[in-house]
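Below is one structure, written out as structure tokens, with a few remarks after it.
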Amino acid sequence: MDATLIGIASGLLTIAIVAVLKRLDKTTMYGLILSGIGFLYVGFTWSDSTPFIVNSLQAIVFLFIAYYGIKTRPYVLVAGYFLHGLWDFAYAIFANPDLLPPHYDLFCMSLDFTVGCYLFVITYRQAK
């Protein structure tokens, strides 16, 4: 439960920091964050080749999702955050969760869903 609350708080803090940086392009900022969180898993798993390969591939996938979200449509970024949250949830199916810090899945998933929900609401309002 603590990891989830810290993840939500971190997501809200991320949203607040991006909002304060008014001169920067928000879509680019959220895209950079999405691509960065994908690569965190690579750093945690470099000591075991199979999870390292799996996580390198997922990081590249999220890098491209972030790129297309920046270049094309904000809804792609929204989908990217929700997909990364699902990746956090299902991580144990694809790789060894023992290589990650304790409760990292809950922390990261709650952060991803918090930012994803925020981006969805903002994108939906701008589309009207």
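The values are calculated or read from the model by the stated rules, or taken from the named source; none is laboratory data. Note that the coordinates shown come from a computational prediction; the quantities given were computed from them, not determined experimentally. Note that each Cβ is placed from the backbone with ideal geometry, even for glycine, and that neighbours are counted across all protein chains shown. Ligands, DNA and RNA are stripped out before the accessible areas are found, and what is left, the full protein with its side chains, is counted by its heavy atoms. Shrake-Rupley method; radii C 1.70, N 1.55, O 1.52, S 1.80 Å.
Select, from 54, 18, 42, the only residue that is touching a helix residue (DSSP H, G or I) at 6+ places or on another chain (Cβ under 6 Å) and in contact (Cβ under 8 Å) with a residue 24 or more places away in the chain. If you could, list the steps in order and put the result at the bottom.
On the way: 18 fails: in contact (Cβ under 8 Å) with a residue 24 or more places away in the chain; 42 fails: in contact (Cβ under 8 Å) with a residue 24 or more places away in the chain.
Just one listed residue meets the conditions, 54.
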Can you name every residue in the stretch 37-57 that is in contact with a Phe, Trp or Tyr (Cβ under 9 Å, 6 or more places away or on another chain) and either open to solvent by less than 50 Å² (accessible area, probe 1.4 Å) or of a type in the set (Lys, Arg) (or both)? 37, 38, 41, 42, 45, 51, 54, 55, 56
Output the residues belonging to the stretch 90-121 that are without any contact (Cβ under 8 Å) to a residue 40 or more places away in the chain, under 15 Å from residue 14 (Cα atoms) and out of contact with any His (no Cβ under 9 Å at 6 or more places or on another chain). 117
Under 6 Å between Cβ atoms, at least 6 apart or on separate chains: pull out the pairs that start in the stretch 63-89 with a residue that is in contact (Cβ under 8 Å) with a residue 40 or more places away in the chain and end on any residue that is buried (at least 21 other Cβ atoms within 10 Å of the Cβ) and among the acidic types (Asp, Glu). 81/112; 84/112
Can you find a residue in the stretch 67-83 that is open to solvent by 60 Å² or more (accessible area, probe 1.4 Å), of a type outside the set (Asp, Glu) and under 14 Å from residue 37 (Cβ atoms)? yes
Conditions (1) over 18 Å from residue 25 (Cα atoms); (2) modelled with pLDDT of 90 or more; number of the one not met by residue 98: (2)
